[in-house]
Amino acid sequence: MNVIDLDDVWRIYAEGAEPVYALQGVNLTIKPGEYAAIVGTSGSGKSTLMNIIGCLDRPSKGTYLLNGIDIKNRSDDELATIRNKTVGFVFQQFNLLGSMSALKNVMLPLVYAGIPGKERKMRAELALKEVGLENRMHHRPNELSGGQQQRVAIARAIVNRPSILLADEPTGALDSTTAGEIMDLFGRLVVEGMTVIIVTHDPETAGRSNRIIKVRDGKILEDIVMGKVS
Ligand SMILES: Nc1ncnc2c1ncn2[C@@H]1O[C@H](COP(=O)(O)OP(=O)(O)OP(=O)(O)O)[C@@H](O)[C@H]1O
Ligand SMILES: [Mg+2]
């Protein structure tokens, strides 16, 4: 079964005077354990596509099956529950809380999930270990490098054990060496069975994934899987 299955998905922003056709009939399937990069120029629809994949937004038209579940038939509350269980998010600007230690930042999603205190700490420590930050757990974000802050954000995204990790420009604020390390870390999560989808402007970063999905004008222009073009 596909983890992600979009069939003729459209997203039309109709708030303004002129409607914006951000996605125009996207067909896309992603299997468990894929490591895919979405690329394309600014305004091509990458974030719109990620928001739909992550159930932060719904298609205006077309069908989206997440783990075989048609999200159209789900209420907003049901969708939020599905999202919290299934998807982890990572952003370009890390979005960490500056007043809290790395450990506390990573524990936060477990607070919302109602996990008891002791288990919260154990699981957060494990996630930080997984991203190689066991020696920085009690530092605050401003005491960490950009790459380290992104690792904290990744630990926070995986602490609930989601099956899908979505990252919109996760390396956009990092130098190329650090960006490579973050991509390698995603690669390890993929080996452990996670499905990872990133958005990037950088061809070198995209080249470290196993599949490159090129978007232009809200359509998929090209889809290259490990040297295979379709
Ligand atoms: N909430 C919104 N309301 C109206 N139009 C929007 C909204 N969000 C995005 N758009 C428009 O939809 C199109 C696609 O935007 P999107 O953010 O998906 O592009 P992107 O590929 O992520 O660009 P970037 O690389 O700059 O992040 C753009 O024309 C954008 O202006
Ligand atoms: Mg974007």
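Between 0 and 90 degrees, the angle of helix 176-191 with respect to the longest Cα principal axis of the chain falls at about 80 degrees.
Computed over region 1-81, the quotient of the alpha carbon radius of gyration and 2.2 N^0.38 Å is 1.10. Remark: spin-label model distance K219-L97 equals 4.6 nm, labels positioned 7 Å along the Cα→Cβ axis. In region 158-230, taking the dipole from charged Cβ atoms about the Cα centre, the farthest positive-side position among L165, M226, T177 is held by M226.
Straightening the chain between E192 and D77 buys 38.4 nm, computed as 0.36 nm per residue apart minus the Cα-Cα spacing. For the chain, excluding the exposed loop sites themselves (GluC sites (Glu not before Pro), DSSP loop, at most 15 other Cβ atoms within 10 Å), the longest remaining stretch covers 16-133. Specify whether the C-alpha gyration tensor of the chain places it in the rounded, prolate or oblate class, a ≥ b ≥ c being the square roots of the eigenvalues: rounded for a/c under 1.5, otherwise prolate if a/b is larger than b/c and oblate if not. Prolate shape, in that a/c is at least 1.5 and a/b is the bigger ratio.
Assuming charge only on the beta carbon of Lys and Arg (+1) and of Asp and Glu (-1), the dipole of region 127-230 about its Cα centre is about 280 debye to the nearest 20. Non-local lysine pairs in region 51-136, meaning eight or more places apart or on different chains, with alpha-carbon distances under 13 Å, amount to 4.
Once the Cα atoms are used to define both axes, helix 76-86 deviates from the longest principal axis of the chain by about 60 degrees.
Near G25, the amide H atoms lying under 5 Å from its own belong to V9, W10, R11; only residues 5 or more places off or on other chains count, and H is placed 1.01 Å from N. When DSSP beta bridges are restricted to pairs lying wholly in region 86-230, around 45% turn out antiparallel.
What FRET efficiency comes out for V111 versus L56 if R0 is 35 angstrom and r is the Cβ-Cβ distance? Round to the nearest 0.05. After rounding to 0.05, the efficiency reads 0.95.
Rounded to the nearest 20, the size of the Cβ-charge dipole of the chain about its Cα centre is 620 debye, with Lys and Arg at +1 and Asp and Glu at -1. Can you pull the one-decimal nm distance between simple spin-label points at T29 and T177, each 7 Å off the Cα toward Cβ? Once both label points are built, they end up 4.3 nm from each other. Modelled spin labels at S145 and S42, positioned 7 Å past Cα toward Cβ, are 2.8 nm from each other.
Between the Cα long axis of helix 146-158 and the first principal axis of the chain there is an angle of about 80°, rounded to the nearest 10.
No value in this document is a laboratory result; all are computed from the given coordinates. Bear in mind that the values here come from a model prediction, so they are computed numbers and not experimental data. Positions of Cβ are generated from backbone atoms using ideal geometry, with glycine treated the same way; all protein chains shown enter the neighbour counts.
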